[in-house]
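Report on one structure; see the data block that follows.
Where a number appears in this text, it was derived from the coordinates with a stated rule and is not lab data. Worth saying up front: this structure is predicted, and the values here are computed from it rather than measured. Virtual Cβ from ideal backbone geometry, glycine too; neighbours counted across all protein chains shown.
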Amino acid sequence: MGPWWDLGLVLTVWLSGFMVERLFVAMMAQLRFCGSKQVEHFYCDFSPLMVLACSDIGLLAKVVAVLYTVVTPIFNPDIYTLRNQEVHQALKRLLYCKATE
């Protein structure tokens with residue numbers, strides 16, 4: 001697990017984050033808004049924008065719910081496992097043995 005492995009992990013995380021945000025922006029761009037077009041927040045989050053939307057937000061709400069309740073908890077064990085030094089050593093041994101065979 002050298003610098004190329006680390007670079008691959010970083011690029012994977014960044015690209016997947018951009019893809020998720022692009023999905024949200026594409027879905028939000030299709031919504032129609034009525035009433036006040038001012039969001040009374042310093043940080044523009046999705047939930048205040050969904051409150052202002054006049055169109056059906058069912059699909060967007062489902063996507064947000066799935067991402068926050070299913071996808072994120074699935075990756076948590078992997079993230080915390082990769083922080084463990086014993087797992088790092090085991091992966092190094094496993095990858096080194098496969099490379100020499």
With a cut-off of 8 Å between alpha carbons and a minimum separation of six or more residues, what is the relative contact order of the chain in percent?
25
Here the range 68-78 yields Karplus 3J(HN,Hα) values (6.51, -1.76, 1.60; θ = phi - 60°; whole Hz; Gly and Pro given as x) of 7, 9, 10, 5, 4, x, 5, 7, 4, x, 5
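Working from the pairwise distances between different alpha carbons, so that the mean of 1/r is found and then inverted, what is the range 57-100's Kirkwood radius in Å? Don't jump to the answer; show the numbers that get you there.
Details: mean 1/r = 0.0777 Å⁻¹.
So the Kirkwood estimate lands at 12.9 Å.
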Labelled set (1) 52; (2) 11; (3) 47; percent of Cα pairs over 24 Å apart computed from this model equals the value at (3)
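Using the Cα centre of the chain as the reference point, and only Cβ charges (+1 on K/R, -1 on D/E), how large is the resulting charge dipole? Debye, rounded to the nearest 20. If you can, show how the numbers build up before the last one.
Working: 8 positive and 8 negative charges, 26 e Å.
That gives the chain a dipole magnitude of about 120 debye.
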Between the modelled labels at residue 7 and residue 93 (7 Å from Cα along Cα→Cβ) the distance in nm is 2.9
If I fit a long axis through the Cα atoms of helix 3-29 and take the longest principal axis of the Cα atoms of the chain, what angle between them do I get, 0 to 90°, rounded to 10?
10
Using R₀ = 25 Å, calculate the FRET efficiency as 1/(1 + (r/R₀)^6) where r is the Cβ-Cβ separation of residue 61 and residue 15; round to 0.05.
0.50
Dipole of the chain (Lys/Arg Cβ +1, Asp/Glu Cβ -1, origin at the Cα centre): which of 38, 28, 11 lies farthest to the positive side?
11
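For residue 36 and residue 68, what is the calculated FRET efficiency with R₀ set at 35 Å and r taken between the beta-carbons, to the nearest 0.05?
On the way: r = 26 Å, r/R0 = 0.75.
So the FRET efficiency works out to roughly 0.85.
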